[in-house]
Amino acid sequence: MIDINNFNLDIYNLHKEDFLSSNEEVIIRFFLIENNNLILVQFISDNNLNSAFFSVSDLQRIPKEARYREYHGKEMREVIEEYSLIETIKVDLETGDESIVGKVFKENKIVYECCYSRYSDSIEPTLWELFQISENRKVKSELRLEEDVLRFQKMIFLEKVEFLRSKFRSIYKTRWELGIAPEECFLDKQEIVKYSAVLDFKSALKEVLDLEKELTGKSVLEMYSNIIAQGDN
């Protein structure tokens, strides 16, 4: 169990040697939180991130159960423009680790959701900043898709087949290499909707699936139906 080793420690100049740990525990970071009133020690045990909290006033460890009772489920709310932001604290009773589930609402609908550590030893983006980053990525992704669709429209049939085949092989093989059982759906819903409006897309898609049927081991009709259905959902 993580504990204090040096009761004369300097809270503004902490060292790893200031803390005790077992052979099964690997201390990875330690820093002050809550206006320098607490010391947080984060460590790995059983391949999980664990957290131990110590009061600066007496250097006593604060039980996980006490942190759970005080903070678990506590919400912080904020309104920015037309969005409502809700952050909910989660305290893991097994590891003592504390995280935040952040949700952004617009017109009572969740438009963004994420989970992140409650405390960090570096400056991290706020929930609002994370949401803005996500939205910017979406805009850039949509612009790239529009450009790809415009290029696809200008291609002859064989070029369309090669274009889709390269996307299929890139994604399908990457999934195999990562040990993920790949699905034939190598295009997301938005891509399927956009490409479906282009002449010869469905014919080119069938041609790709026919060329790759030995790799997938599935029937062309089954794969084609699954992909098109993804765009309809």
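The values are calculated or read from the model by the stated rules, or taken from the named source; none is laboratory data. Only a predicted model underlies this, so the values are computations on that prediction, with no experimental measurement involved. Heads up, the Cβs are rebuilt from the backbone with ideal geometry, glycines too, and the neighbour counts pull from every protein chain shown. Heavy atoms of the whole protein, side chains included, go into the accessibility calculation; ligands, DNA and RNA do not. Shrake-Rupley method; radii C 1.70, N 1.55, O 1.52, S 1.80 Å.
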Exercise for review: Using label points projected 7 Å from each Cα along Cα→Cβ, tell me how many nm separate L178 and L221, to one decimal.
Suggested key: 3.2
Point to revise | Net lengthening on full extension, I80/E147 (0.36 nm per residue, minus Cα-Cα) | key: 20.9 nm
**Study point:** Relative contact order (%) - the chain, alpha-carbon pairs under 8 angstrom, separation at least six
**Key:** 9
Review point. At E107 and D188, where each label point lies 7 Å from the Cα along Cα→Cβ, what is the point-to-point distance in nanometres?
Key: 2.1
**Study point:** Reach of K103 by Cα under 26 Å, taken over lysines that are not fewer than 8 positions away in the same chain
**Key:** K64, K74, K90, K138, K140, K189
Check your understanding: Of S51, S122, M155, whose Cα points farthest to the positive end of the dipole of the chain (charges on the beta-carbon: +1 Lys, Arg; -1 Asp, Glu; origin at the Cα centre)?
Key -> M155
Check your understanding: More than 26 Å apart: what percent of Cα pairs in region 110-227 qualify?
Key -> 38
Check your understanding: Fully extended, how many nm does the chain gain between S45 and E65 (0.36 nm per residue separation, minus their Cα-Cα distance)?
Key -> 5.3 nm
Review point. How do 191-198, 75-82 rank on mean C-beta neighbours within 10 Å, highest first?
Key: 191-198, 75-82
Practice item. Give me the aspartates and glutamates in straight-line cross-link reach of K154: C-alpha distance below 20 Å, same-chain residues under 8 apart excluded. Key: E142, E146, E162, E191, D200, E207
Point to revise | Compactness relative to 2.2 N^0.38 Å, alpha carbon Rg of the chain | key: 1.47
Study note, to complete from the structure: Once phi for every residue in region 32-46 is put through the Karplus expression 6.51 cos²θ - 1.76 cosθ + 1.60 (θ = phi - 60°), the whole-Hz ³J(HN,Hα) values, with Gly and Pro written as x, are 7, 9, 6, 6, 6, 8, 10, 10, 9, 10, 9, 8, 9, 8, 6
Check your understanding: Whose amide H sits under 5 Å from the amide H of R29, counting only residues 5 or more places off or on another chain, with H placed in the peptide plane?
Key -> Q42
Exercise for review: When a/c is below 1.5 the answer is rounded, else prolate if a/b is larger than b/c, else oblate, so apply that to region 74-155 with a ≥ b ≥ c taken from the square roots of the Cα gyration tensor eigenvalues.
Suggested key: prolate
Exercise for review: With a 10 Å radius around each residue's Cβ, average the other Cβ atoms per peptide and rank 219-232, 2-15, highest first.
Suggested key: 219-232, 2-15
Practice item. Give me the percent of the accessible area of region 1-120 that comes from carbon and sulfur atoms, probe 1.4 Å, all protein chains in place. Key: 43
Check your understanding: How large is ³J(HN,Hα) for each residue in region 136-141, as worked out from phi by the Karplus curve 6.51 cos²θ - 1.76 cosθ + 1.60 (θ = phi - 60°), to whole Hz, x for Gly and Pro?
Key -> 5, 5, 4, 4, 5, 5
Point to revise | region 185-203 and region 56-111: distance between their alpha carbon centers, rounded to Å | key: 41
**Study point:** region 65-194 - percent relative contact order, Cα under 8 Å, separation 6 or more
**Key:** 12
Point to revise | Degrees between helix 201-211 axis and first principal axis of the chain (Cα, 0 to 90, nearest 10) | key: 80
Practice item. With runs of 4+ DSSP H residues as the only contributors, calculate the mean residue ellipticity of the chain at 222 nm using -39,500 (n - 2.57) per run, divided by the residue total and rounded to the nearest 500. Key: -12500 deg cm²/dmol
Review point. Long-range amide H contacts for L20: which residues qualify at under 5 Å (H placed 1.01 Å from N, peptide plane, sequence gap of 5 or more or a different chain)?
Key: D3, I4, N5
